[in-house]
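The values are calculated or read from the model by the stated rules, or taken from the named source; none is laboratory data. Here the structure is a predicted model, which is why all the values come from computation and not from measurement. Methodologically, a virtual Cβ is constructed for each residue, glycine included, from the backbone with ideal geometry; neighbour enumeration extends over all protein chains shown. Just the protein is used for accessible areas: all its heavy atoms, side chains included, with ligands, DNA and RNA removed. Shrake-Rupley method; radii C 1.70, N 1.55, O 1.52, S 1.80 Å.
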Amino acid sequence: MKLKGDQSTSRAMNRRLILNLLRQEGPKSRAEIATTTGLSPAAVTFVIGDLIEEGHVCEGKAVAGLSGRRPIPVDINYANGLAIGFKLMVGAAECVVTDLATDPLASIRLTFSSRDPAHVVETLAASVPDLLQSANRPSARLAGIGVSVPGVIDNDQAACVRSHRFNWDNVPLARMLAEKVKVPVWLEDDTNAYAVAQQLFGLGRQHRNMAVLAIGVGISCALIIDGKLYRGANGAAGKFGHTLLEEDGRLCECGKRGCLMAYYSEPSLLKTWRKETGRDDTSGLAAMLDALENQEPAIVALLGQAGSGIGKSLANLVNITDPQVIVVGGEAVSFGETLFGPLRASLLKHTFRAPPPLLPDWEDNSWARGAAALVTQKLFDFETSSGTVGKAEPTAGALLLNS
């Protein structure tokens, strides 16, 4: 057991402090790091020396000024490793290989002919060599693989306890994939993974308390509280789409009636729009967006109703958790202010205090990058690392990030 005064414990805390400062604020000199963190210059020099030797940090160029040579800035060496992210959907996966800042280097889309876990794992494993080759970073080593899947995840076992969409129960997906690729594999709920990416490098980078709302095939809302991802007692926190909207209402995929997502998820909105306008099943999201662009009354009214309904439920969450910002992602972002305007108005009407800013995420590959962030988060070690297996064998070019 490590005591408070244990040097290795203090060293790990100092590493975390310095790395997260550089992540949030960018390059800084050793003197600036000492001033900002409150660490002694000797402690900063010691930690920076270790990080440079390990390749996690690199020195920039000193710039000559009027008073002579300026201090040398140091920054995180995001090119020091690679991360692969797999965002699983029914029938397909979005795949990306990134640097340690989750900046995409290459991406592909895979298709699955079956929901069988063995088939999914086999397909993912087979894509790894092609992804690494496409990254064109021969000197960079693979830090690991992150997999995000909609469902309840057992963080200790790195297993999918339940996924309604895949009809999975107690599937040790991370272990199955790690056995094939021989590198560390992290597993997390897809919205939680997306929230981790937003906290590390996205719209929540400067915030320790935020809600991350996803409106797409489902509706969910991950929470970052005091800088940590909140999972709840059983890994089922954030299932916001199963908030009751109407007693004995529409049937939800979870088997219960009246859930929010049974009305306002993207497929539910599409189904309602088709019914109200007499469109057939061939009219998809693109047709609905065309109608929105033409400001057809039916779609404008429907999205207004959705924004108001989601906003009212979200206000309850805001009143309980008090986030600094709400980041919004998912397919519904494409509906823009026709959805977000009523959502903001509903929040304002129903929150105890002025609601936090609503920040739509317009970035491409955000969800697959979220899966990759499960790997890179270990470098910054928020003590929230998602379920992982396969860490003991650094084969196949694995880069073991120190925690």
Legend entry - S220 being outside the structural domain of L374 (by the TED database), at pLDDT below 95, of a type in the set (S, T, N, Q) and surrounded by 15 or more Cβ atoms within 10 Å (Cβ to Cβ): no
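Can you name the strands (runs of 3 or more DSSP E) wholly within the stretch 126-224 that have at least 2 residues being free of Cβ contacts under 8 Å to residues at least 60 places away in the same chain? I'd like the intermediate steps shown before the answer.
On the way: elements: 141-149, 152-154, 159-163, 168-171, 185-189, 210-215.
Hits in the stretch 126-224: 159-163, 168-171.
For the structure I just gave you, tell me whether L110 is closer than 21 Å to W186 by Cβ and not in a strand (DSSP E or B).
When the stated conditions are applied, L110 does not pass them.
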Legend entry - In the stretch 255-282, the residues that are in a loop (DSSP other than H, G, I, E, B) and open to solvent by less than 20 Å² (accessible area, probe 1.4 Å): G258, L260, S265
Inset, instruction - Restricting attention to the stretch 310-350, report how many residues are open to solvent by 20 Å² or more (accessible area, probe 1.4 Å) and within 19 Å of I225 (Cβ to Cβ). - result: 7
Legend entry - Test: R109 is among the basic types (K, R), under 30 Å from A236 (Cβ atoms) and open to solvent by 70 Å² or more (accessible area, probe 1.4 Å): yes
Inset, instruction - Give the stretch 283-292 a look and list any residue that's surrounded by fewer than 21 Cβ atoms within 10 Å (Cβ to Cβ) and part of a helix (DSSP H, G or I), or say none. - result: L285, A286, A287, L289, D290, A291, L292
Inset, instruction - Kindly provide the set of residues from the stretch 84-106 that are touching a residue at least 60 places away in the same chain (Cβ under 8 Å), open to solvent by 10 Å² or more (accessible area, probe 1.4 Å) and assigned to a strand (DSSP E or B), ordered by number. - result: K87, M89, E94, P104
Legend entry - Hey, G249 free of Cβ contacts under 8 Å to residues at least 24 places away in the same chain, out of contact with any Leu (no Cβ under 7 Å at 6 or more places or on another chain), open to solvent by less than 20 Å² (accessible area, probe 1.4 Å) and farther than 22 Å from R162 by Cα or not: yes
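Mind checking which residues of the stretch 217-258 are aliphatic (A, V, I, L, M), in contact with a helix residue (DSSP H, G or I) (Cβ under 8 Å, 6 or more places away or on another chain) and closer than 18 Å to K312 by Cα? Walk me through how you get there before you give the answer.
Going residue by residue through the stretch 217-258, those that are aliphatic (A, V, I, L, M) are 217, 219, 222-225, 229, 233, 236-237, 244-245, 251.
Going one step further and asking which of them are in contact with a helix residue (DSSP H, G or I) (Cβ under 8 Å, 6 or more places away or on another chain), we end up with 217, 219, 222-225, 229, 245, 251.
Answer for the stretch 217-258, where residues must be aliphatic (A, V, I, L, M), in contact with a helix residue (DSSP H, G or I) (Cβ under 8 Å, 6 or more places away or on another chain) and closer than 18 Å to K312 by Cα: I219, A222, L223, L245.
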Inset, instruction - Give the residue, chosen from S163, S134, S114, S148, that is within 19 Å of E94 (Cα to Cα) and in contact with an Asp or Glu (Cβ under 7 Å, 6 or more places away or on another chain). - result: S148
Inset, instruction - Tell me which residues, restricted to the stretch 293-308, are small (G, A, S) and open to solvent by less than 10 Å² (accessible area, probe 1.4 Å). - result: A306, G307
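Residue by residue, here is whether (1) modelled with pLDDT under 95; (2) open to solvent by 20 Å² or more (accessible area, probe 1.4 Å); (3) under 27 Å from D103 (Cβ atoms); (4) basic (K, R) holds:
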residue	(1), (2), (3), (4)
A126	no, yes, yes, no
A143	yes, no, yes, no
V149	no, no, yes, no
D156	yes, yes, no, no
A174	no, no, yes, no
L177	no, no, yes, no
T191	no, no, yes, no
Q199	yes, no, yes, no
Legend entry - Contacts under 6 angstrom Cβ, first residue in the stretch 50-71 being open to solvent by 90 Å² or more (accessible area, probe 1.4 Å), partner assigned to a loop (DSSP other than H, G, I, E, B) and at pLDDT below 80, 6 or more apart: R69/A62; R70/A62; R70/V63
